[in-house]
Amino acid sequence: MTYTSSIGIRVNGEVVEREVEDRLTLADFLRNELRLTGTHLGCEQGSCGACTVLVDGSAIRSCLTFASQLNGAEVTTVEGLASEEDLHPLQSAFLRNDALQCGFCTPGFLLTAAEILSETNDLDEGTIREAISGNICRCTGYQGIIDAIVEVARSGSER
Amino acid sequence: MKPAPFHLETPQSLEECVALLAEHGDEAKILAGGQSLVPLMNLRLAQPSVLLDIGGLKALNFVEENEQSFRIGAITRLRDLERDANFAKSQPLLAEALPHIGHTQIRNRTTVGGSIAHADPAAELPAVLLACGGTVKAVGPNGERKISADNFFHSYFSTDLEEDEAIAEIELPRWKPACGWSIQEISRRHGDFALIGIACCVTCDDEGVVTDANAAFFGVGEAPHLVESASSLVGTKADDETLHQVAEATAAELDPPTDIHVSAEYRKHVGGVLARRALSIAYQRATGNIT
């Protein structure tokens, strides 16, 4: 038996109305139904952070939330960060600081960083290290990621 | 898809949720933050056929303090407590536990009631509830009942809750100014489950003599464990000699398991070290020597 729910959510500013299977995770909904494949799935059990997206401004694991739970929510994925002309300041800073190698974990780091920068620019390295501790980078490029986030925090361009 | 098929229901009240629990029996699970349940479902270690999503029940999302007690609604999310500057003043032990629990993305979803109901023996909140002498308010078909923390946690992922009961809120005693606190844990990486940890409260009189000391361990067996050894601090000024004796008594009292991470001997030894460290910090906070 297949159980479904009707949901209306806003994804990167666009209203999406769908009938989804109750067991469909938000990550699979974004990737398979909406073709927003920038959200990456690593472990699918909440350990790696690759699937991090913003739901109503909060960074969450999209593999641990069902799309059927999110009626009325506002979702931001990595595709929603840049404008048509410009990269998001975090994306530019990641480029400048070599904060990515293979790029698999990058969307999760970007959205985690976007959430913390939306709350404060008063961030030291230790705070950033703790804030990104839920995201794993398999290329071990953490220092570049931290440098990039520090740079954006200092420039204040995120607020 | 990762999880087995299920039907999502969104009860509009806890009473409706309880009625649905009674109707579906052990086929149903309550979904709050989902940060413990959904990994189990994605691994198909849990395959409930009905999920009761209570995450939207605003009536269960509150923090309320009155003259007698401090109450936190079941679906209050940990990150909301973390962001509340007053919370750390009102309940410093619980506040200090929060950063140890998972990661920010997890705490954005994790609920107080969910963590308590899940009763992972390595989790921080059950031990905090136990150390503070808190209670759980559960709602079932026959109404409400309150269960003290020391009667609530039975064994691995197993509590005093009946199949058709749900947590409405937890209640903690109001924090006393003369009460110091500390939470200490050892984990492999920040945010990982604790290999072993301790949450404690120490209360002193005006002379700096300990009048009450409670210490609850997590990650030491089937349930959080309140150690008797802490009570030998009472009547002392937590001098080095007493703390040393308490550490030894704690290591002797703990009966932890060996698992793939560490041995029972390691846990016993570190348990003693953590008891000394945590109780010393709690005592200094109680006497106002550190904040």
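The values are calculated or read from the model by the stated rules, or taken from the named source; none is laboratory data. Just so it is clear, the structure is predicted and the values come from calculations on it, not from any experiment. All Cβ positions, even for glycine, are placed from backbone atoms using ideal geometry, and neighbour counts span all protein chains on display. Areas reflect the complete protein model, heavy atoms only, side chains present, ligands, DNA and RNA absent. Shrake-Rupley method; radii C 1.70, N 1.55, O 1.52, S 1.80 Å.
Rank A:45, B:227, A:6 by how far each Cα sits towards the positive end of the charge dipole of the protein assembly as shown (+1 on Lys, Arg Cβ; -1 on Asp, Glu Cβ) and give me just the farthest. Looking along the dipole axis, the top candidate is A:45. Buried area at the A:B interface is about 2600 square angstrom, summed over both chains, from accessible surfaces computed with a 1.4 angstrom probe. The label point for residue A:16 and the one for residue A:154, both projected 7 Å from the Cα toward the Cβ, are 3.7 nm apart.
Defining a contact as two alpha carbons under 8 Å apart and six or more residues distant in sequence, what relative contact order in percent does chain B show? It would help to have the intermediate numbers written out before the result.
Values: 658 pairs, mean separation 45.7, N = 291.
In percent, rounded to a whole number, it is 16.
Between amide H atoms placed 1.01 Å from N, distances below 5 Å from residue B:7 occur with B:50, B:51, all of them 5 or more places distant or on a separate chain.
Can you order the peptides B:209-220, B:244-255 by their average number of other Cβ atoms within 10 Å per residue, highest first? It would help to have the intermediate numbers written out before the result.
Values: B:209-220: 24.4, B:244-255: 17.8.
Packing proxy ranking, top to bottom: B:209-220, B:244-255.
Here the dipole of the stretch B:1-160 is about 420 debye; that uses its Cα centre as origin and unit charges on the Cβ of Lys and Arg (positive) and Asp and Glu (negative). In this simple spin-label model, placing a label point 7 Å from the Cα along the Cα-to-Cβ direction at both residue B:26 and residue B:145 gives a separation of 1.9 nm. Only one residue of B:203, B:3, B:81 has its Cα farthest out toward the positive end of the dipole of the protein assembly as shown, where Lys and Arg carry +1 and Asp and Glu -1 on Cβ, and that residue is B:3. Across the stretch B:40-57, computed HN-Hα scalar couplings (Karplus, 6.51 cos²θ - 1.76 cosθ + 1.60, θ = phi - 60°) run 5, 6, 5, 8, 6, 7, 10, 9, x, 8, 10, 10, 9, 7, 9, x, x, 7 Hz from first to last residue, x flagging Gly and Pro. Between residue B:222 and residue A:138, the simple spin-label model (points 7 angstrom out along Cα→Cβ) gives 3.9 nm. Rounded to the nearest Hz, the phi-derived 3J(HN,Hα) couplings of the stretch B:199-211 under the Karplus curve 6.51 cos²θ - 1.76 cosθ + 1.60 (θ = phi - 60°) are 10, 9, 10, 10, 10, 10, 8, 4, 8, x, 8, 5, 9, where x marks glycine and proline. Helical runs (DSSP H, four residues minimum) scored at -39500 (n - 2.57) apiece and divided by the length of chain B put the mean residue ellipticity at 222 nm at -9000 deg cm²/dmol.
What is the percent of Cα-Cα separations in the stretch B:108-154 that go past 11 Å? Working shown, then result.
Working: 736 of 1081 pairs.
Considering the stretch B:108-154, 68 percent of its Cα-Cα pairs are separated by more than 11 Å.
Taking amide hydrogens as placed 1.01 Å from N in the peptide plane, the amide H of residue A:52 sits under 5 Å from those of A:62, A:108, each at least 5 positions away in sequence or on another chain.
For chain A, state the average projected area of the convex hull of the C-alpha atoms over all orientations, rounded to one decimal in nm².
Details: hull surface 36.6 nm².
Orientation-averaged projected area of the Cα hull: 9.2 nm².
Taking θ as phi - 60° and the Karplus parameters 6.51, -1.76 and 1.60, the scalar couplings of the stretch A:46-62 work out to x, 8, 9, x, 4, 8, 4, 9, 9, 10, 6, x, 9, 6, 9, 7, 6 Hz in sequence order, x denoting glycine and proline.
Entry comment: accessible area of chain A is 44 Å² per residue, from protein heavy atoms only and a probe of 1.4 Å. Is the shape of the stretch B:150-218 best called rounded, prolate or oblate, per the rule: a/c under 1.5 gives rounded, else a/b larger than b/c gives prolate, else oblate, with a ≥ b ≥ c the square roots of the Cα gyration tensor eigenvalues? Judged from the Cα gyration tensor, the stretch B:150-218 comes out oblate (a/c at least 1.5, b/c at or above a/b). Ligands, DNA and RNA left out, the accessible area of the stretch A:4-80 computed with a 1.4 Å probe is 35% carbon and sulfur. Just so you know, the Rg over Rh for chain B is 0.98, from Cα atoms, with Rh as the Kirkwood radius. In the stretch A:89-155, one over the average inverse separation of all distinct C-alpha pairs is 11.5 Å, which is the Kirkwood hydrodynamic radius.
Close amide-amide hydrogen proximity is noted between residue B:31 and B:52, B:53, B:54, each under 5 Å apart and 5 or more residues distant or on a separate chain (H modeled in the peptide plane; Pro and chain starts excluded). Legend: mean number of C-beta atoms from other chains within 10 angstrom of residue C-beta atoms, peptide A:58-70, equals 6. Building the convex hull from the alpha-carbon atoms of the stretch B:58-173 and averaging its projection over directions returns 7.0 nm². Just counting partner chain Cβ atoms within 10 Å, what average do the residues of peptide B:172-184 show around their Cβ? Partner Cβ neighbours, averaged per residue: 0. Two numbers describe the Cα atoms of the stretch B:166-291: Rg and Dmax, which are 14.9, 46 Å. Here's the picture: charge each Lys and Arg Cβ at +1 and each Asp and Glu Cβ at -1 in chain A, and of A:59, A:32, A:71 the one pushed furthest to the positive end of that dipole is A:32. Note on chain B: with neighbouring protein chains present and a 1.4 Å probe, carbon and sulfur make up 48 percent of its accessible heavy-atom surface. Length, then width, then depth: along the principal axes, the Cα atoms of the stretch B:118-235 run 50, 36, 22 Å. At the listed q of 0.07, 0.13 Å⁻¹, the Debye profile of the protein assembly as shown, built from one uniform point per Cα, gives log10 I(q)/I(0) equal to -0.37, -1.21.
One way to sum up the overall shape of the stretch A:1-80 is the equivalent ellipsoid from its Cα gyration tensor, whose semi-axes run 18, 15, 11 Å, largest first.
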